[in-house]
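Asker: First the structure, which I've put down as structure tokens, then a few questions once you've had a look.
The values are calculated or read from the model by the stated rules, or taken from the named source; none is laboratory data. Computed from a predicted model, the values in this text were never measured in an experiment. Every residue, glycine as well, gets a Cβ built from its backbone with ideal geometry; the counts of neighbours run over all protein chains shown. Areas reflect the complete protein model, heavy atoms only, side chains present, ligands, DNA and RNA absent. Shrake-Rupley method; radii C 1.70, N 1.55, O 1.52, S 1.80 Å.
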Amino acid sequence: MILGQEPILLTPGPLTTSPATRQAMLRDWGSWDAQFNRITASLRRDLVDIVHGGDTHVCVPLQGSGTFSVEAAIGTLTPRDARILVPDNGAYCQRLLTICRYLGRDAVALPIADDQAASAAAIDEALTRDPSITHVAQVHLETGAGVLNPLAEIARVCQKHGTGLIVDAMSSFGALDIDVRSMPFDALVAASGKCLEGVPGMGFVIAKRSVLEASGGNSHSLAMDLHDQYMYMQKTTQWRFTPPTHVVAALRAAVDQFLAEGGPTIRGERYRRNCRTLLDGMASLGFRPFLAPEIQAPVIVTFHAPADSKYDFNAFYAAVRERGYILYPGKLTRIDTFRVGCIGAVDDNEMRNVVTAVEQSLSSLGIRQVAPLTHPA
Ligand SMILES: *Cc1c(COP(=O)(O)O)cnc(C)c1O
């Protein structure tokens, strides 16, 4: 890290943004200013276009972090007597279950190991066994460990059963190709501060218009009522309540850069290069990734903690931070891990520098045994 420079965030949101994105926040906007509302409208259009939503889907933005939009989507787009299947391979799947519990939606968990992807066949079987299930709530990329779940296959299974599908695509939107024409969904939820590389503060739901229009009266909450937000925005072009103006302006700048870079395919390639550089470099230091390469998404990598008795995450974090990089703690309960994000305004050179920072940190802390002593084959 250059002295006085802010550390690079290798966390899956908030993440490191570009100077142009930060620059876009230097101006104040009025909430009913026509120019500001045109920014909102253009973003809503562009976000639908990214998933090829055409006229069948619409984008409803919502104030708050991503979880607010997930909760709003479930609370608005499922009826109160819905029965929701939640394939569970990690922390964000468990959050969906918690949301269902808070909202009084009947939820059925489909447990999966946290180092395995969800299986479309198992979901098919669960829907066949229990025809009272009305919806599937699926995390696309389980950020807890970094597992990619097979969304296209799962969407086809839901379509076959006539089951509604709500997708938490928070950490995949913008990095992986998502096409609603081949992966039909009722709603897909993402946010400003992840792979679009905006700043945190707003989420958005890309909802099937017919489902959204029929959802009036479902929501338990005024602030979280997506149907009301949508109707108000259609009528007035404005946000219902105070918009996160600076976040919206930053997201407009971030999406401009995203489109100029070439959209999800090209951004995904940059992240894949970041991820490969990180995995190779860390392997050369003795680190083992938690996931098999087939299910490792190029967004966040979980590593086994060094086996050395001198290892302590807080000291390791501090040593790496001193060298300019912010790591992320693990989110698994049964084993000790830490995570490194590959997303944000960073390239593979930066990832090489991260590996160097980790190497120097290990040596300054006297950590010699990096590889786990008993690594499952
Ligand atoms: C980041 C994230 C969320 C939202 O988390 P917030 O803390 O509310 O931003 C939800 N689901 C997944 C898979 C995520 O990665």
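Asker: Is it true that some residue in the range 1-9 is open to solvent by less than 20 Å² (accessible area, probe 1.4 Å) and out of contact with any Phe, Trp or Tyr (no Cβ under 7 Å at 6 or more places or on another chain)? If you could, list the steps in order and put the result at the bottom.
Answerer: Applying the first criterion (open to solvent by less than 20 Å² (accessible area, probe 1.4 Å)) to the range 1-9 yields none.
Checking the range 1-9: not a single residue is open to solvent by less than 20 Å² (accessible area, probe 1.4 Å) and out of contact with any Phe, Trp or Tyr (no Cβ under 7 Å at 6 or more places or on another chain).
Asker: Exactly one of these conditions fails for Val199: (1) more than 15 Å from the ligand (Cβ to nearest atom); (2) open to solvent by less than 30 Å² (accessible area, probe 1.4 Å); (3) assigned to a loop (DSSP other than H, G, I, E, B). Give me its number.
Answerer: Val199 satisfies every listed condition except (1).
Asker: Report, by residue number, each residue of the range 347-359 that is closer than 14 Å to Phe287 by Cα and either open to solvent by 10 Å² or more (accessible area, probe 1.4 Å) or not assigned by TED's automatic domain parsing to the domain that holds Asn314 (or both).
Answerer: Val355, Thr356, Glu359
Asker: Can you name the residue in the range 8-29 that is at negative phi and at pLDDT below 95 and is also nearest to the chain's Cα centre (by Cα) among such residues? Give the steps one after another, and end with the answer.
Answerer: Step one: filter the range 8-29 for residues at negative phi, giving 8-12, 14-29.
Then keep just the ones that are at pLDDT below 95; that gives 11-12.
Numbers: Thr11: 11, Pro12: 8 Å.
Filtering the range 8-29 for residues that are at negative phi and at pLDDT below 95, the one nearest to the chain's Cα centre (by Cα) comes out as Pro12.
Asker: Could you figure out which of (1) closer than 26 Å to Thr21 by Cα; (2) under 19 Å from the mean Cα position of the chain (by Cα) isn't true of Asn353?
Answerer: Only one criterion in (1) closer than 26 Å to Thr21 by Cα; (2) under 19 Å from the mean Cα position of the chain (by Cα) is unmet by Asn353, namely (2).
Asker: Next up: Of the residues that sit in the range 285-309 and are of a type in the set (Gly, Ala, Ser) and open to solvent by 20 Å² or more (accessible area, probe 1.4 Å), which one is farthest from Gly146 (Cα to Cα)?
Answerer: Filtering the range 285-309 down to residues of a type in the set (Gly, Ala, Ser) leaves 286, 292, 297, 305, 307, 309.
When the remaining residues are screened for being open to solvent by 20 Å² or more (accessible area, probe 1.4 Å), the result is 286, 292, 307, 309.
Details: Gly286: 20, Ala292: 11, Ala307: 21, Ser309: 26 Å.
Once the filter is applied, the top-ranked residue is Ser309.
Asker: All but one of (1) more than 20 Å from the chain's Cα centre (by Cα); (2) modelled with pLDDT of 95 or more hold for Leu3, so report the exception by its number.
Answerer: Checking Leu3 against (1) more than 20 Å from the chain's Cα centre (by Cα); (2) modelled with pLDDT of 95 or more, the one that fails is (2).
Asker: Still on this model: Name the single residue that is nearest to Arg209 (Cα to Cα) among those in the range 131-176 being more than 16 Å from the ligand (Cβ to nearest atom) and in contact with a strand residue (DSSP E or B) (Cβ under 7 Å, 6 or more places away or on another chain).
Answerer: Taking the range 131-176 and keeping what is more than 16 Å from the ligand (Cβ to nearest atom), we get 131-135, 152-153, 155-164.
With the extra rule that they be in contact with a strand residue (DSSP E or B) (Cβ under 7 Å, 6 or more places away or on another chain), the set shrinks to 132-135, 155, 158, 163-164.
On the way: Ser132: 24, Ile133: 22, Thr134: 18, His135: 17, Ala155: 17, Cys158: 18, Thr163: 16, Gly164: 13 Å.
That would be Gly164.
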